[in-house]
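First the structure, in the form of structure tokens, and then the observations on it.
The values are calculated or read from the model by the stated rules, or taken from the named source; none is laboratory data. What you see is a predicted model, and the numbers here were worked out from it, not measured in a lab. Ideal geometry is used to build each Cβ from the backbone, glycine not excepted, and the neighbour counts take in all protein chains shown. Ligands, DNA and RNA are excluded from the accessible area calculation, which covers all protein heavy atoms including side chains. Shrake-Rupley method; radii C 1.70, N 1.55, O 1.52, S 1.80 Å.
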Amino acid sequence: RKSILTLGNQQPDKVLSMCQDYLLKHPKLVVGHRVVVLQTIELVVKNRIDDISYPKIKSVIQLASDEMTKSKEVVPEWQQAASNILVAVGNKYINDIMEEILGKFQPGVLPHFFVIQTLANLSDSNVYGMVPFLSAIMGTMLPMLGMTKQDNMKWVFSSALCRFSESILEYLANLDKAPDPTVRKDTFSSEIYSAYDILFNSWIQSRESKLRLTVAEALGSMSHLMAHDKLEEQLPKLLPTILGLYKKNSEHYIISKSLYQVLEASVNMGSRVLETQIDGLLVALHQQICSPMDFNNPPTVKNHNEVLRCFTILANTFTDRLMVFVLQRLENSNERNRMGSLAVLRHLINSSTSIMETKRLLILASIRQPLADHSNKVKKRVVQVISAMAHHGYLELEGGDLLVRFIIQHCALPDTYHRPPDPEEVTNEALRSMCDNTLHLFTTTVGRLTDVLWPMLLCYLTPNQYANATTPLCKSLILLANKKQTAQEPNFIIDFNAQGSFLYRCIGVILQQCYNKELVRKQLQEMLIGTRHNDAIERTGVAMGIGLCASSHLDGTLEKLEEFGKSDAFRKASGIFGLLKDKNDVDVEKMKSTLILCYGYVALHAPEDKLLTRIDSDILHNISKNFNTKDLTMKLSLIHSVGLIAKAISKSVRKQGFLFSRKQELMGVMMISSAVLMNLSLSFFLSVRRAAIDCVYRLMYIQLCYEGFSLDYKDDSVEGLLDVREKLSNPDHSVLYKTCSELTKIISKRLPQQQLSTLLFMLYDGLVDSQSNCSRASSVILNTLLKNRGAGLQDLVPEMLEVLHSRLQVIGEEQVKVAIGQSILILATQHLQTVVNTLVAYPLPYDSWSCEMWIALGADSTLALQIMEMMIEKLNVMVPFVDKKESMLRPGLTKVTTSQPLAMTCALREMMLNGQSAEAVAHLFPKLFSALLVRLGSSVGVQLPKDLNNICVSLCCVLRVAVEALRILLGRAQLDAVVKPLDQDGAWDKMKDPQQHTTGVTLLSRAMAKHAGPRLPAIVESLCPSLCNIYECQRITVTAFFSELLNHHVVTELMILDMLMNNMMERITDTCGTVRMLAVRGLGNIAVGSPEKVNKYAKELLAAMSSGMEEKDDPGKLITLEAMSGMSKILLYLDQKNVHLLVENDEIRCASIMLLGNLSKFGSGEPVFKDQIHNVLVSLLLHLSDPNPQVVKACKYAMRICAPVIGSEQISAMFQKHLLEEKGLHYGEFINDLTKYLVWSKSLVMLLQDPDPLVRVKAAEAMGHFH
């Protein structure tokens, strides 16, 4: 074969002819041999296609096509070899190839498997040649998809659609190189969607795993070509289906690849639906990224990378949600979960630099948790993330030093003593080596880190825990120093005084390794004597150095310290002659401070197995002598030293039992120091302020030691105290208050919970300090402390509120009063229910200070909204009063208010007095108005409890409180146009008077209808439930309000007429007579407010008025009078059709006719009433012959009474003579006589058209009498 290829390269036509002839002459040649010959042809074509004659090309195409399709059965090796020849030729002669293949790709006939495969491969190899054919190819292919039943054909069609889509996308991405730059994506959208429909809805459900994956791959590629609206429509189904494939297939790479393509297409088109799928996507992708990756199994690695690409594409659109998701998963201590999250984080840091720019501080904060993970696998991922962060500027930010320290800590890892059985386990050696390389990388390739690492790395040379990292540290320091020196950078030279106690620590480390005890004692002596004790830096430095020495020489160090404490140096500095010492001499307090610190550091570094036996006798015994010192420097040293001792003890007792007898004594010292320092921080003397901050700084680090942090740990927030200290030098009071707030934020993060309450109540005392600056500073610190730690103080809330209440009574400083209001707001934000319950329970009537506290709660619109909603809800369900027997001697019950609803009404009144509550009032106005109106109704005739009756009754009258709250509400809602007429008409006093209450409510309703119409629909809706309440007083108030609303056309304009009418209809049957009377009044008012609607409700209105006129439980005839009044108004607007309602029902007819007669007593002089009588007279005459005797009697009565109104003496005389209730009437003669006086032709003609046959008959009879 090699020889043939060599010949083929020299004589391609001849060799190709020879191969063709051989195949044609041996048609039964075994497949293996045929394949070899075909492969030879392919290689010759590939190598020499430009030198092959065109006729030979044509014959090769024909041969390959025949070989490929000769067998209908699929023989992959043979047919693939033939197909490869066609693909090779197609790279140059695409038109000839397509002419041949399309001849075997006819509509309606399933083609050979390898015809489709060849088309797919051609798409891959010759994009620009194939894409122009694809529209026609897919047009022919689409009908074939529905005909395909065999899985292998479904597979090849899916594969081809995938390749076609990829080719089209490549073509569109490189239009500048394409032969036809006018090709557009939508050219293929229709065909692609039709194919998608079949693949997604049918084929992807196949049981065959290989087919499912190929279909999924195709769908991913096709998604880019689908019309945007179609893809958007399909996403809610497509994404869950793809995610579901993860469970059905063991091979995940193709699924993740498809998912990425769908997500990319969705994001590119700006999908809105994608947001609804994001939660499920993140969970599924996170599960995939947490799957173990096997580098010996390439598909798992490829899947991992595709999943990371999915996270990248989502990060572009859903940055915040993605970051929250990933960082929350970092908190999960599960090893696999945490490793997956770290992999995503690293990838996003590297791949989405611009997007992650704003998230850098958040990431820095969140990475701290996995820093503490015990798994070396997790630590390895953490190191990779830190490396990525280093290249993108994270380590230069606040908190970046912690990550550098993590790397150095793991450069110091000890060896793994037991080899792990798990081959994937990361050994200490491997992790250490990785960290060594990372540190070297930081030093050599991340130029921006030079100033971060220099001189920071020097600080890690002396602490014992980093001893194993000395080699990599020194290598990096040498590189950094050379770089600095070469560049002649000014910070190459290090001022060790500025660097603190570095040299002393170096001496301490050297002494650790020294075994000559005499030399050690001599060096310790020189350190203690030679130290400048007045210099705080040197004091600390020498103490640290001596402490480091004690780790190897505990006994010798303690002996030397005790000897130094008894030496002449202390005696010289004290006594009477100490007063005469030179100003350069050392103060004994400063020397004692050094000694105290030395004992602290000795305890810190002492061997754990020896420390506990020496604590009481050698360490605490020597420093406790100074507990009562007044010297600030000594106090600071004591605090620092006690913290170091406590940390050392807590570390040692983990491994051995120990009864710490002096613990309470030390804790007492610490608490007293804490209190003193807080008071000092309020002082406005600069030196005291700075010293106080230094003390707080030390205390915070002592607390951190208690919490288990290492001694050299640097806490960002505590370090912030140093900046605060500098700001305290500013004389501007406003700056100082702000600085106090910053100081408190730092303290609040570290203050133990048990000490918090003590500090708070000290600050409460500070509020009444005679120095205004101190009281103001106390208020600033108090509020900052409450903001940061108040959430954990629920049990103390009632007590704190009581203290604030008492302080308000004696505080004169207005600024401090405002601050107390702020304190109440902060507590309410954190413990809303507790604050409200506590303040509501304060004694009634509220004193002015309680009122101030409620007013303060109105200052925050969000909080006020919550409180008001809470109170409205409770007012709607609480019992407003109870019936109590006033006296055993007096009969009857008295309504006595319940305390909580009254208190809440008072509270609402006070809150609304605060102008800042306007926003909350505006939002809740309908509910507030409704609740207070109902509360107003609940207060009518209600008395105070006996224990309140004699205490400022005028301040807390039940009805007065409700009225005032309602008036304030209207004012706060800027409804002055409503308030003004109410003031002018004395409506508020009327509302407070039980006898005129409904009149006052009517005036309120009238004003609201005229000046606050748009607010009415929501108010009406809120009030409706109260009409079914068990309390009559509430139903009366609401019904009065609704009744008057119906007097105004605005209710029709606002489309609430139906609601009001329905409610009034229901109240017609109320058990309370006053409610029934007001309901009848309201129904009658429709004729005034919305006369055009009278006929719509005619039947209901007439029935209601009729019922009202027949009311039996109506002692004062108020309901009857309202019904008569209402009917008179309604009749003015009834049309002819509805007038007949009066006669369709016997009872209605009787009542209505009687009412007509009664009304004539009042309206005889009114022209309108006279016209109305003329209009209905014919109906009355006809009803004289009504089958119902009662109707006839009513007609006789009404006609006699109405006769004078008609204006004819003859007719009046006839009516009085003939129309007697108990006397019979000859109807025909009566009508005959009457028609002599009347001409009713017009009316009778109209009645001839009446739908009632009886009316038409009588009208005809009457008509006959005219002739």
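Efficiency by 1/(1 + (r/R0)^6): what FRET value for V267 and E1053, r their Cβ-Cβ distance, R0 = 30 Å, to the nearest 0.05?
Values: r = 49 Å, r/R0 = 1.64.
E(calc), rounded to 0.05, equals 0.05.
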Inset, instruction - Taking 7 Å along the Cα-to-C-beta vector as the label spot, tell me the K104-D989 distance in nanometres, rounded to one decimal. - result: 11.0
Legend entry - Å² per residue, accessible surface of the range 387-455 at 1.4 Å: 44
Legend entry - Nearest-20 debye value, the chain charge dipole, Cβ charges on Lys, Arg, Asp, Glu: 1980
Inset, instruction - Would you list which aspartates and glutamates come within 20 Å of K248, measuring only between C-alpha atoms, while excluding same-chain residues fewer than 8 positions from it? - result: D151, E208, E217, E306
Legend entry - Gained length - C474 relative to K714, 0.36 nm times residue gap less alpha-carbon distance: 84.2 nm
Legend entry - Sequence-separation-based contact order of the range 1-100, relative, with Cα cut under 8 Å and 6+ spacing, percent: 30
Legend entry - Across K590/K745; K475/K517; K1010/K1129; K990/K1096, pairs whose alpha-carbon gap is larger than 29 Å: K590/K745; K475/K517; K990/K1096
Legend entry - Neighbour net charge for L274 - beta-carbon separation under 12 angstrom, K R +1, D E -1: -2
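Please list, by residue number, every one of the GluC sites (Glu not before Pro) in the range 1-76 that is coil in DSSP and has at most 12 other beta-carbon atoms within 10 Å. Intermediate values should be presented prior to the final figure.
Details: sites: E42, E67, E73; in loops: E73.
In loop regions of the range 1-76 (DSSP not H, G, I, E or B), the sparsely surrounded GluC sites (Glu not before Pro) are E73.
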Inset, instruction - Please give the contour-minus-distance gain from H440 to K210: 0.36 nm per residue of separation, less the Cα-Cα distance, rounded to one decimal in nm. - result: 78.1 nm
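With an 8 Å cut-off on Cα pairs and a minimum separation of 6 or more residues, tell me the relative contact order of the chain in percent.
Working: 1555 pairs, mean separation 36.3, N = 1267.
The value is 3 percent.
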Legend entry - Phi to ³J(HN,Hα) by Karplus 6.51 cos²θ - 1.76 cosθ + 1.60 over the range 1022-1039, Hz, x for Gly, Pro: 6, 7, 3, x, 5, 5, 9, 6, 6, 8, 4, 4, 5, 5, 4, 4, 5, 5
Legend entry - Cα-projected label distance for S135 with L371, points at 7 Å along beta-carbon direction, nm: 6.1
Legend entry - Hull volume in cubic angstrom per residue (convex hull over the Cα atoms of the chain): 336
Legend entry - Segment E1221-V31, extension gain: residue separation times 0.36 nm, minus the distance between their alpha carbons: 415.9 nm
Legend entry - Positive-end extreme of charge dipole, the chain - chosen from A1098, V446, A64 (charges on Cβ): V446
Inset, instruction - Could you please report the charge total around D795, scoring K, R as +1 and D, E as -1 over all other residues with beta-carbon less than 15 angstrom from its beta-carbon? - result: -1
Inset, instruction - Would you list which lysines come within 16 Å of K927, measuring only between C-alpha atoms, while excluding same-chain residues fewer than 8 positions from it? - result: K874
Inset, instruction - Counting only heavy atoms of the protein chains, get the accessible area per residue of the range 67-193 (1.4 Å probe) and round it to a whole Å² value. - result: 41
Legend entry - In Hz, Karplus ³J(HN,Hα) per residue of the range 91-104 (6.51, -1.76, 1.60; θ = phi - 60°; x = Gly, Pro): 5, 10, 10, 5, 5, 5, 4, 5, 4, 6, 5, 5, x, 9
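Say the cut-off is 24 Å between C-alpha atoms; which of K895/K1117; K14/K46; K647/K749 go over it? Kindly include the intermediate steps, with their values, before the conclusion.
Working: K895/K1117 27 Å; K14/K46 16 Å; K647/K749 19 Å.
Pairs exceeding the cut-off: K895/K1117.
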Legend entry - Under-5 Å amide H pairs with F881, H placed in peptide plane, nonlocal only: T898
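Pop out the carbon and sulfur fraction of the accessible area of the range 1008-1096 as a percent, whole number, probe 1.4 Å. Could you put the intermediate results ahead of the total?
Working: 1750 of 3230 Å².
So the carbon and sulfur contribution to the accessible surface is 54 percent.
Just want to confirm a number: the relative contact order over the range 373-529, from Cα pairs under 8 angstrom separated by 6+ residues, in percent.
Numbers: 121 pairs, mean separation 33.4, N = 157.
Value for the range 373-529: 21 percent.
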Inset, instruction - Using only Cα atoms, tell me the angle between helix 1118-1131 and the longest principal axis of the chain; keep it within 0 to 90° and round to the nearest 10. - result: 90
Legend entry - Of F1230, Q80, F1042, farthest towards positive along the dipole that unit charges on Lys, Arg, Asp, Glu beta carbons give the chain: Q80
Inset, instruction - Quick one: what are the phi-derived ³J(HN,Hα) couplings along the range 313-329, Karplus 6.51/-1.76/1.60 with θ = phi - 60°, whole Hz, x for glycine and proline? - result: 5, 5, 4, 5, 10, 10, 4, 5, 5, 5, 5, 4, 4, 5, 5, 5, 5
Legend entry - Cβ-placed point charges (K, R +1; D, E -1), dipole of the range 2-72 about Cα centre in debye, nearest 20: 240
Inset, instruction - Can you tell me the 0 to 90 degree angle between the C-alpha axis of helix 848-857 and the longest principal axis of the chain, rounded to 10? - result: 70
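Based on the Cβ-Cβ distance of D279 and T416, what FRET efficiency does E = 1/(1 + (r/R0)^6) give at R0 = 56 Å, to the nearest 0.05?
Values: r = 41 Å, r/R0 = 0.73.
Plugging the Cβ-Cβ distance into 1/(1 + (r/R0)^6) gives 0.85.
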Inset, instruction - Please work out the Cα center distance from the range 434-498 to the range 31-108, rounded to the nearest Å. - result: 66
Legend entry - D (Stokes-Einstein, µm²/s), Kirkwood Cα radius, the range 106-234, 1.002 mPa s at 20 °C: 146
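Going down the list K92/K154; K58/K92; K302/K379; K154/K210, which pairs span over 18 Å between their C-alpha atoms?
Too far apart for the 18 Å limit: K92/K154; K302/K379.
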Inset, instruction - Calculate what fraction, in whole %, of the accessible area of the range 342-483 sits on carbon and sulfur atoms when a 1.4 Å probe is rolled over the protein chains. - result: 54
Inset, instruction - Enumerate the amide H contacts of Q943 below 5 Å, restricted to partners 5 or more residues apart or on another chain; note that Pro and chain-start residues carry no placed amide H. - result: K895, V896, T897
